[in-house]
Amino acid sequence: MSDERPTLLPQPKNLTRRQGAFRLNADTQILLLPDAEDGVVRAARSLQGEIARATGLTLPLVRTARPARTTNVILLAGDPEAAAAYLPGTQWPTEALREHGPQAYWVDVTTDRVVAGGRGAEAAHYAAQTLRQLVRVEGASLPALEIIDWPSLAYRGVMVDVSRGKVHTLETLQRVVDELSLHKMNVLQLYTEHTFVFPHHPRIGAGCGSLSGDDMMTLDAYARERFVELQPNLNSFGHMAHILALPEYRHLAEAEIGWSLDVTNEETYALLDGMYADLLPAFSSTLFNAGCDETWDLGKGRSRELTEEIGVGRVYLQHILRLREIAARYGRRIQIWGDILLHHPELVAELPEDVILLDWHYEAEEDYPSVRTFAESGRRFWVCPGTSSWNTLFPRIENANGNIRTLARLAAEHGGEGLLNTDWGDHGHYQPIGQSWYGYLYGGEQAWAGGQTPDEVFDANLGRLFFGPAGQQIVEAVRALGRLNALEGMPLRNASRSVYMLLDEPLVGEATPEIPAETLREIERVAGEAEATLRTHLGAAEHPEDLEDMAFSARLMGYAARKTAACQALRADLAALGEGRGDAEAVLSSGLSTLRALEHELVELTERFREVWLARARYSEIGISLGHLQGLRARMARAGDWLAERRAAVQQGESPDYGLTGYAEEADYLVLGQRGARRWRELGLR
């Protein structure tokens, strides 16, 4: 008997290995109880399809009043008592399944037969996914074992941003559902600000690739069949910039910045009621994430007088209660982000008990006291870590893992109901989804295990199960890319400098001087090696587009490092020229040649960026991200022109000024959210 644990995600809580194996062959049958629920039948179909893909065997589903034989069969059942009577000799762990709730499942593999399932269709589904994973790795020879397993958190899911520039195709979102389902996650949310087709407000979602009610109903049905709950998500307070920029809604802004809704205007609630009426009926879930985070301008505009009278916290609470009332008209219970209420903990007790708090944090910490704050309030809550895939060219995996693991553990210890792993798309959602799978599945693992799975165990299982035979090398490349974000000079709060290096102005940008030369050399080396590894295995990958996404990001990181190193050297040479040292014409010619070459390479990278985006997302608002790259090209061209002007002066026997003060005053060196942050400061709102 081997002590080696099989390759499974998530890891089962109780697993016992036995001698031998159950060997699938052409005569193997998949048995169903005569009154098997539709959900159990669908789970059996998913197993049937996995076996066919992995082994070439097309096994029949057999639903009969009594089995014709008791060996060489796989019984999948959602009724332990009926299953025990149906297939004599099986000893279902009925008490354990009852004790651990409706998602607890059992898998029993002997050399003669396989019995799997639990108390209901959802448990049978999880048992079937475990068998699918075993088949995917082991093929036709399943190791003899017994598993009794259950989740630490009832809700385990992912929130995908579809409002910061990128709206994924329906096919991509269905793939997300498939992966969540296979890995025992049961929630998907699509973060929405404006990218929905609202019949009552058609201008809101126009021209940005919005998902329609038809899309949502299609995805909802697809997810429901796979035991994934598609929960509606619509920010309903702050983060309203897209809507408030439209002339017909501008008067509903709290302040000039156009960020939060004006809670003193009844038209605000008429707008939200219309949007809810259009959105919510497309979903079967009774839960609804109404958002309401980061209301930075609340009380600083039209609600100033009211907040001075009763306080910012109470104004915020009154808005939440209005949203709860509107959502209830459409049969929904609301979730809200918990960040604002953490500043007003005395008001949490006034929330109705059916409001669920979402406790979000995105930086790795050893503890998050807010979890205890919400737990002690007696209110229902979920924890919300993140994939750390935004504000960076490649996910900050070291940060994400610590963030996810700790929040999962605290939620399990303090009565949290769920974990919603967020995948944001700040500043144009330029990152491709292929590099988010690691974070999605790591979140599912830790939510199921209560934050107890070591990284090395997860990595080994992810490699073999998700990426296939070359999985170890692929995961090593992924982890190596992630570690680059932790090198000296790279870490930022909720970001890494990688994307700022890429977009930085060549001569006066703020990010370029912050990166040590050793860091740049390591980024270029590791990114090149990782790209080569990922491209080597493209042909054998089940989903080569995932490897292509990550390979392209590795290429961007290598480019950003080379660009930054070149710009550091050029800045040093210009400083020397200003002090009267160096060959001016040689320095200026070399710098100009370097910038022109980098600009030329950027043209190719921009076109490849477009191709990677359109492979899995609608055209939507790609212009935001393309604008970043086009802005970089313009900054490079302007810097090149500046160098060319000075070279021409030198060639004419003149001594030009190499100081960059005047250049900086005219240069466009604000990238990503820096311009918006400056506007907030100018208006005195932050």
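The values are calculated or read from the model by the stated rules, or taken from the named source; none is laboratory data. Quick caveat, the model's predicted, so the values are computed rather than measured. We place every Cβ from the backbone using ideal geometry, glycine too, and count neighbours over all the protein chains shown.
Here are the numbers for the structure shown:
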| quantity | calculated |
| --- | --- |
| Region 345-365 - residue that is free of Cβ contacts under 8 Å to residues at least 60 places away in the same chain and within 22 Å of the chain's Cα centre (by Cα) and, of those, surrounded by the fewest Cβ atoms within 10 Å (Cβ to Cβ) | Glu365 |
| Yes/no for Ser388 being in a helix (DSSP H, G or I), of a type in the set (Gly, Ala, Ser) and closer than 22 Å to Asn289 by Cβ | no |
| Matching residues, region 412-459, being under 22 Å from Leu287 (Cα atoms), in contact with an Asp or Glu (Cβ under 8 Å, 6 or more places away or on another chain) and part of a helix (DSSP H, G or I) | Tyr440 |
| Condition met for Val383 (within 23 Å of the chain's Cα centre (by Cα), assigned to a helix (DSSP H, G or I) and at pLDDT 95 or above) | no |
| Checklist (1) in a helix (DSSP H, G or I); (2) farther than 30 Å from Glu621 by Cα applied to Ser181, failing item | (2) |
| Residue among Leu534, Leu484, Leu502, Leu520 that alone is assigned to a helix (DSSP H, G or I), touching a helix residue (DSSP H, G or I) at 6+ places or on another chain (Cβ under 7 Å) and under 22 Å from Ile624 (Cβ atoms) | Leu502 |
| Condition check for Leu672: aliphatic (A, V, I, L, M) and assigned to a loop (DSSP other than H, G, I, E, B) | yes |
| Selected residue (only one of Ala52, Ala68, Ala26 is modelled with pLDDT under 95 and over 15 Å from Val115 (Cα atoms)) | Ala68 |
| Flag if Leu629 is modelled with pLDDT of 95 or more, under 36 Å from the mean Cα position of the chain (by Cα) and either assigned to a helix (DSSP H, G or I) or surrounded by 15 or more Cβ atoms within 10 Å (Cβ to Cβ) (or both) | yes |
| Region 183-207, residues that are surrounded by fewer than 23 Cβ atoms within 10 Å (Cβ to Cβ), touching a Ser or Thr at 6+ places or on another chain (Cβ under 8 Å) and among the hydrophobic types (A, V, I, L, M, F, W, C) | Val197 |
| Meets criteria (touching a residue at least 12 places away in the same chain (Cβ under 8 Å) and farther than 30 Å from Glu417 by Cα) for Arg98 | no |
| Residue in region 592-608 that is in contact with a helix residue (DSSP H, G or I) (Cβ under 7 Å, 6 or more places away or on another chain), of a type in the set (Gly, Ala, Ser) and free of Cβ contacts under 8 Å to residues at least 60 places away in the same chain present | no |
| Scope region 378-402; condition more than 24 Å from Lys166 (Cα to Cα), touching a Lys or Arg at 6+ places or on another chain (Cβ under 9 Å) and crowded, with 24+ Cβ neighbours inside 10 Å; matching residues | none |
| Residues of region 525-553 satisfying the condition of being within 20 Å of Glu488 (Cβ to Cβ) and surrounded by 19 or more Cβ atoms within 10 Å (Cβ to Cβ) | Val526, Ala527, Ala530 |
| Subset of region 188-206 [of a type in the set (A, V, I, L, M) and assigned to a loop (DSSP other than H, G, I, E, B)] | Val197, Ile204, Ala206 |
| Enumeration of residues in region 292-322 that are of a type in the set (A, V, I, L, M) and surrounded by fewer than 22 Cβ atoms within 10 Å (Cβ to Cβ) | Leu306, Ile310, Val312, Val315, Leu317, Leu321 |
| Conditions (1) without any contact (Cβ under 8 Å) to a residue 40 or more places away in the chain; (2) of a type outside the set (Lys, Arg); (3) surrounded by 24 or more Cβ atoms within 10 Å (Cβ to Cβ); number of the one not met by Pro369 | (3) |
| Sole exception among (1) under 14 Å from the mean Cα position of the chain (by Cα); (2) outside any helix (DSSP H, G or I); (3) not small (Gly, Ala, Ser) for Asn403, by number | (2) |
| Subset of region 576-623 that is under 18 Å from Glu645 (Cα atoms) and hydroxyl-bearing (Ser, Thr, Tyr) - its residue that is surrounded by the most Cβ atoms within 10 Å (Cβ to Cβ) | Thr594 |
| Residue match in region 69-79 (condition: small (Gly, Ala, Ser) and in contact with a Leu (Cβ under 9 Å, 6 or more places away or on another chain)) | yes |
| Single condition Asp215 does not satisfy, out of (1) of a type outside the set (Gly, Ala, Ser); (2) surrounded by fewer than 19 Cβ atoms within 10 Å (Cβ to Cβ); (3) touching a helix residue (DSSP H, G or I) at 6+ places or on another chain (Cβ under 6 Å); (4) within 23 Å of Leu419 (Cα to Cα) | (4) |
| Options Ala21, Ala26, Ala44, Ala54; residue that is of a type in the set (A, V, I, L, M, F, W, C), closer than 29 Å to Asp455 by Cβ and either in the same structural domain as His125 (by TED's automatic domain parsing) or surrounded by fewer than 19 Cβ atoms within 10 Å (Cβ to Cβ) (or both) | Ala54 |
| Per-region count, region 176-213, residues free of Cβ contacts under 8 Å to residues at least 12 places away in the same chain and of a type outside the set (A, V, I, L, M) | 3 |
| Which listed residue is touching a helix residue (DSSP H, G or I) at 6+ places or on another chain (Cβ under 7 Å), modelled with pLDDT of 95 or more and assigned to a strand (DSSP E or B), from Leu47, Leu8, Leu59, Leu75 | Leu75 |
| Region 37-52 residues that are more than 12 Å from Ile74 (Cβ to Cβ), paired with ones that are charged (D, E, K, R) (beta carbon under 6 Å, 6 or more apart) | Arg42/Glu225 |
| Qualifying residue in region 651-658 (condition: assigned to a helix (DSSP H, G or I), charged (D, E, K, R) and outside the structural domain of His429 (by TED's automatic domain parsing)) | no |
| Residue match in region 163-171 (condition: assigned by TED's automatic domain parsing to the domain that holds Met217, part of a strand (DSSP E or B), touching an Asp or Glu at 6+ places or on another chain (Cβ under 7 Å) and in contact (Cβ under 8 Å) with a residue 60 or more places away in the chain) | no |
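Residue-wise test of (1) surrounded by fewer than 24 Cβ atoms within 10 Å (Cβ to Cβ); (2) assigned by TED's automatic domain parsing to the domain that holds Tyr500; (3) under 22 Å from Trp337 (Cα atoms).
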{"position": "Ala408", "(1), (2), (3)": "no, no, yes"}
{"position": "Ala412", "(1), (2), (3)": "yes, no, yes"}
{"position": "Gly416", "(1), (2), (3)": "no, no, yes"}
{"position": "Asn421", "(1), (2), (3)": "no, no, yes"}
{"position": "Gln431", "(1), (2), (3)": "no, no, no"}
